[in-house]
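See below for the structure under consideration.
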Amino acid sequence: MSENNRDKIWGHARLSVAPMMDWTDRHCRYLHRLLSRHTLLYTEMVTAPALVRGGAVHLLDHSVDEHPVALQLGGSDPQELARATKLGADAGYDEINLNVGCPSDRVQSGTFGAVLMKTPELVADCVHAMQTETDAEITVKCRIGVDDQVPEDVLPDFINQMQLAGIKRISIHARKAWLKGLSPKENRDVPPLDYPLVYQMKRDFPALHLSINGGVATLEEAHAHLAEGMDGVMIGRAAYHNPTDILCTADREIFGADDDSDPVLVVHQMLPYIETHLTQGGKLNQITRHMLGLFAGKPGARAWRRYLSEHATKPGAGPETVLAALQHVTQAAA
């Protein structure tokens, strides 16, 4: 990757939307890009075996309008990850990210995700192999440790090994993952956050671009992390459930742009995309499920959600359904 391209992506990584299984699909990302021109977006995790052994290359489908957009891969076999990386790079992704943070049972059974925190040498082999296949930047998303590991010991060693392997950008979820005893959902909330440890990693590894993830719910909190010296902030569920408060003002508040996006206008901008999806055999609710939180906390939000939830699954539902739902918002705001 050229320094100019790297600097550009690093700039976008000042704020990013976390990869979230079953949520950050291509329709979600298209919506988020309309809300924010600059925020870096991530795919759901796509497993290398699904791409390489299963031939599921349709999982790489995305719109050119989503850029800058990163592909997150899951896997633990260096050569398989290398092949998956080439597929992702050929598909045009700006960045390929290796998942070393997901705590689900399904991921553990494949020996990838957060369990890889226990074998940083294997992670280093994986990223080496991935780097041979593309000029796009290879990055890592990790936890601060797993199970009985001591994060103060494990995390610096892990980051050092990633740096030695040529990794220059890491996103750190500031919680341990308990692979035994906690569900994936509990692993998002129960282990305590340790932001100071992540801040210390930035002081210890000043040459690396480090983003902090975990529990960030507002742009005010994002600003606080940036003020502590972090290079970037990654926001997950808050950006999904309340995208307007996070993403509509992000370009101005985080990236210094002149204006905010308008969620009502964004709904109208989604209509051609919806029409195209329907003509290709898709269903309306595959898109509108990501739009339910657009007006969270605003007048008419409940009626908007209820109308879409009730009508978007009906046969023949199309753009007119979205416009009918939007009337509940515009009338409430009048």
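Write out, first by first residue and then by second, each pair whose Cβ atoms fall under 7 Å of each other, whose residues are 6+ apart or on separate chains, and whose first residue, in segment 191-214, is free of Cβ contacts under 8 Å to residues at least 60 places away in the same chain while the second is assigned to a strand (DSSP E or B) and open to solvent by 10 Å² or more (accessible area, probe 1.4 Å).
214/173
Only one of 173, 268 is at pLDDT 95 or above and either polar (S, T, N, Q) or buried (at least 16 other Cβ atoms within 10 Å of the Cβ) (or both); which? Steps first, please.
Values: 268 fails: either polar (S, T, N, Q) or buried (at least 16 other Cβ atoms within 10 Å of the Cβ) (or both).
Exactly one residue qualifies, and that residue is 173.
Which condition does residue 8 not pass, out of (1) assigned to a loop (DSSP other than H, G, I, E, B); (2) open to solvent by 40 Å² or more (accessible area, probe 1.4 Å), if it passes all the others?
Of (1) assigned to a loop (DSSP other than H, G, I, E, B); (2) open to solvent by 40 Å² or more (accessible area, probe 1.4 Å), only one is false for residue 8: (1).
What pairs come out if I take residues in segment 223-244 that are modelled with pLDDT of 95 or more and pair them with residues that are aliphatic (A, V, I, L, M) and in a helix (DSSP H, G or I) whose C-beta lies under 7 Å away, six or more apart or interchain?
233/222; 233/226; 235/222; 235/246; 238/246; 239/246; 239/247; 243/35
Scanning segment 236-265 for residues that are over 28 Å from residue 102 (Cα atoms) and of a type in the set (D, E, K, R), which turns out surrounded by the fewest Cβ atoms within 10 Å (Cβ to Cβ)?
In this case the residue turns out to be 258.
Against the definition (touching a strand residue (DSSP E or B) at 6+ places or on another chain (Cβ under 6 Å) and either closer than 21 Å to residue 10 by Cβ or buried (at least 22 other Cβ atoms within 10 Å of the Cβ) (or both)), how does residue 92 come out, yes or no?
Numbers: touching a strand residue (DSSP E or B) at 6+ places or on another chain (Cβ under 6 Å): no; either closer than 21 Å to residue 10 by Cβ or buried (at least 22 other Cβ atoms within 10 Å of the Cβ) (or both): yes.
In short, no.
Looking only at segment 11-51, filter to residues that are of a type in the set (Gly, Ala, Ser) and farther than 25 Å from residue 126 by Cα; which one of those is surrounded by the most Cβ atoms within 10 Å (Cβ to Cβ)?
As a first pass, look at segment 11-51 and keep what is of a type in the set (Gly, Ala, Ser): 11, 13, 16, 18, 36, 48, 50.
Subset that is farther than 25 Å from residue 126 by Cα: 11, 36.
Working: 11: 14, 36: 26.
Applying the filter and picking the extreme gives 36.
Test of understanding: among 57, 100, 69, 115, which residue is without any contact (Cβ under 8 Å) to a residue 60 or more places away in the chain, open to solvent by 10 Å² or more (accessible area, probe 1.4 Å) and of a type in the set (A, V, I, L, M)? Please lay out each step first, then the result.
Working: 100 fails: open to solvent by 10 Å² or more (accessible area, probe 1.4 Å); 69 fails: open to solvent by 10 Å² or more (accessible area, probe 1.4 Å); 115 fails: without any contact (Cβ under 8 Å) to a residue 60 or more places away in the chain.
Only one candidate qualifies: 57.
Condition (residue is touching a residue at least 40 places away in the same chain (Cβ under 8 Å), crowded, with 24+ Cβ neighbours inside 10 Å, among the polar types (S, T, N, Q) and in contact with a helix residue (DSSP H, G or I) (Cβ under 8 Å, 6 or more places away or on another chain)) applied to segment 78-87: is it met by at least one residue?
So far as segment 78-87 goes, yes, one or more of its residues are touching a residue at least 40 places away in the same chain (Cβ under 8 Å), crowded, with 24+ Cβ neighbours inside 10 Å, among the polar types (S, T, N, Q) and in contact with a helix residue (DSSP H, G or I) (Cβ under 8 Å, 6 or more places away or on another chain).
With 227, 217, 174 as the choices, which residue is closer than 29 Å to residue 296 by Cα and touching a Leu at 6+ places or on another chain (Cβ under 8 Å)?
Details: 227 fails: touching a Leu at 6+ places or on another chain (Cβ under 8 Å); 217 fails: touching a Leu at 6+ places or on another chain (Cβ under 8 Å).
The match here is 174.
Within segment 304-334, how many residues turn out to be surrounded by 17 or more Cβ atoms within 10 Å (Cβ to Cβ) and aliphatic (A, V, I, L, M)?
Residues that pass the stated criteria total 7.
Can you list residue pairs whose Cβ atoms sit under 9 Å apart, with the first residue in segment 172-184 being closer than 17 Å to residue 215 by Cα and the second being of a type in the set (Ser, Thr, Tyr) and open to solvent by 40 Å² or more (accessible area, probe 1.4 Å)? Count only pairs 6 or more apart in sequence or on different chains.
Going by the 9 Å Cβ cut-off, the qualifying pairs are 174/195.
Just to verify a result, which residue in segment 286-303, among those that are assigned to a helix (DSSP H, G or I) and open to solvent by less than 50 Å² (accessible area, probe 1.4 Å), is farthest from residue 327 (Cα to Cα)? It would help to see each step written out before you state the result.
The first filter runs over segment 286-303 and keeps only residues assigned to a helix (DSSP H, G or I), leaving 286-288, 301-303.
Subset that is open to solvent by less than 50 Å² (accessible area, probe 1.4 Å): 287-288, 301, 303.
Values: 287: 18, 288: 15, 301: 11, 303: 9 Å.
This residue is 287.
I'd like the full set of residues that are under 14 Å from the mean Cα position of the chain (by Cα), farther than 15 Å from residue 38 by Cα and not in a loop (DSSP other than H, G, I, E, B), limited to segment 236-245. So that I can check it myself, show each step before the final result.
Step one: of segment 236-245, the residues under 14 Å from the mean Cα position of the chain (by Cα) are 236-241, 243.
Adding the requirement that they be farther than 15 Å from residue 38 by Cα leaves 236-238, 240-241.
Answer for segment 236-245, where residues must be under 14 Å from the mean Cα position of the chain (by Cα), farther than 15 Å from residue 38 by Cα and not in a loop (DSSP other than H, G, I, E, B): 237, 238, 240, 241.
Just for segment 201-235: of the residues that are part of a loop (DSSP other than H, G, I, E, B) and in contact with a strand residue (DSSP E or B) (Cβ under 7 Å, 6 or more places away or on another chain), which one is most open to solvent (accessible area, probe 1.4 Å)?
Residues of segment 201-235 part of a loop (DSSP other than H, G, I, E, B): 205-208, 214-218, 228-231.
Applying the additional criterion that residues be in contact with a strand residue (DSSP E or B) (Cβ under 7 Å, 6 or more places away or on another chain) yields 208, 214, 216, 230-231.
Values: 208: 6, 214: 4, 216: 11, 230: 8, 231: 44 Å².
The residue in question is 231.
Here's a check for you: in segment 176-196, which residue that is aliphatic (A, V, I, L, M) and touching a strand residue (DSSP E or B) at 6+ places or on another chain (Cβ under 8 Å) is surrounded by the most Cβ atoms within 10 Å (Cβ to Cβ)? Step through it out loud before you land on a result.
Initially, segment 176-196 is screened for residues aliphatic (A, V, I, L, M), giving 177, 179, 182, 190, 193.
Imposing the further condition that a residue be touching a strand residue (DSSP E or B) at 6+ places or on another chain (Cβ under 8 Å) reduces the set to 177, 179.
Numbers: 177: 27, 179: 19.
Going through the qualifying residues, I end up with 177.
The values are calculated or read from the model by the stated rules, or taken from the named source; none is laboratory data. Keep in mind it's a predicted model, so treat the numbers as computed, not measured. Here Cβ is always computed from backbone atoms with ideal geometry, including for glycine, and neighbour counts include all displayed protein chains. Accessible surface areas use protein heavy atoms only, side chains included; no ligands, DNA or RNA. Shrake-Rupley method; radii C 1.70, N 1.55, O 1.52, S 1.80 Å.
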